[in-house]
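What follows draws every value from the coordinates through simple rules; no lab data is involved. Worth saying up front: this structure is predicted, and the values here are computed from it rather than measured. Because the Cβ atoms are built from the backbone with ideal geometry, glycine has one as well, and the counts that use them run over all protein chains shown.
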Amino acid sequence: MLKVGIVGLPNAGKSTLFNALTRAGAEVATYPFTTIEKNIGIAQIPDKKLEKIGELLKPKIVTHATTEFVDIAGLVAGASKGEGLGNKFLAHIREVDAILHLVRCFEDAEVSGTVEPLKDIETVKLELALADLDFVEKKIGKLQKAAKSGNEAIKTELESLQRIKDSIQKDESIKHSKGYNLLTTKPCLYLLNLSEKDLTSKNFTVPDQIRNSLGSEKIVLISAKIEEELSELERNEREEYRKELGIEDFTLDVVIEESYNLLNLIKFYTIKGEETRAWSIKEGSKIIDAAYKIHTDMGKGFIRAEVFSYDDLLSCSSVSRLKDAGLLKIEGRDYLLKDGDIVLIKFH
């Protein structure tokens, strides 16, 4: 399951966003380090294709793919040296696949500190980079002792680590860091947490300094407080309240979808008995990978797969008509999955 960590400075609104995403009821307060131990919750991934398949086939159970969200303790300057809850923060963030970096852009009399989004962004980025630098330097130190044996593999790894160290020190993008689980190489989505007024008035524009600092990184404008209020309502009430506020989209759906997209995942679907289910898998995966994801026995005993596309099902409106039209394909274990594929695995 995709695991996404919510990070940011204390009082950025992380637990409020976490509650909105997962309805898990994490404690929310306006003093630093409310979240000491990480909170974990599950959110369904919005999926219009799955909903449409459900409408056509009318299964008793429709199961969405899910994302695990982790509310991680607030970071402060010096976290890489253990300040605040730095060590715990860094350990928790190493466990996630992707990062939601929540940045405070709202004024609140009950929340201490000035609103300095660019400074906050740079603080988190710097601490992650310093933590990576410390990790790499320690790794280099250990390998240098082992390199005296003349082992070529160790020499090659040392050269790779030195390039990574140079890139961190020059604030350059890091290439070929597979296996080191570096914090600065994790995919990141930046969420600017606005006041209700700024979000609904639509007068807020992302400052040029922030855009320049983040470059091509994805930015989403959000009000965690509004999203938490919306998430507590039933769907029809949510739609009405959203229209009253003048918010065109349910921003949480955008956040969840963008989190999903950070890791280049695609969705495939299974129809088994009374359940239609969505699954997540890496783009470029083979059908055998999907079989193992569904169940180990299915992967081990794989014989073949019956595959048809969501678009073909939509055009035919039923599986039987789709089969009559010759649109169901029989594929072997090396078939490359496409987004929207509907599969039935045959195994022994």
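Taking 0.36 nm per residue of separation and subtracting the Cα-Cα distance, full extension of the segment from ASP324 to ASN261 would add 19.2 nm. For the chain, the share of DSSP beta bridges that are antiparallel, to the nearest 5, is 50%. Neighbour counts of other Cβ atoms within 10 Å put VAL255, VAL319, VAL70 in the fewest-to-most order VAL319, VAL70, VAL255. One quarter of the surface of the convex hull around the alpha-carbon atoms of the range 145-295 equals 15.2 nm², the direction-averaged projected area. Within the range 265-347, DSSP assigns beta bridges of which about 90% are antiparallel (rounded to the nearest 5). The sum of -39500 (n - 2.57) across all DSSP H runs of n ≥ 4, divided by the residue count of the chain, sets its helix-only mean residue ellipticity at 222 nm to -12500 deg cm²/dmol.
The simple Förster model, with R0 at 22 Å and r as the Cβ-Cβ distance, assigns HIS176 and ASP134 a FRET efficiency of 0.65.
Taking only alpha carbon atoms, the range 186-273 gives an Rg to Rh ratio of 1.05, where Rh is the Kirkwood radius. With 0.36 nm allotted per residue and the present C-alpha distance subtracted, the ARG23-GLU229 stretch has 73.1 nm of extension available. Distances between every pair of Cα atoms in the chain, grouped in 20 Å steps from 0 to the bin holding the largest one, split as 26, 49, 24, 1 percent.
The loop-placed trypsin sites (Lys or Arg not before Pro) in the range 104-171, going by DSSP, that have at most 16 neighbouring Cβ atoms within 10 Å of their Cβ come out as LYS170. When the Cα gyration tensor is reduced to axis lengths a ≥ b ≥ c, the ratio a/c is 1.5 or higher for the range 125-233, and with a/b above b/c it is classed as prolate. Centre-to-centre, using Cα atoms only, the range 261-306 and the range 137-162 are separated by 40 Å. Taking a ≥ b ≥ c as the square roots of the eigenvalues of the Cα gyration tensor of the range 265-347, is the shape rounded (a/c under 1.5), prolate (a/b larger than b/c) or oblate? Because a/c hits 1.5 or more and a/b exceeds b/c, the range 265-347 counts as prolate.
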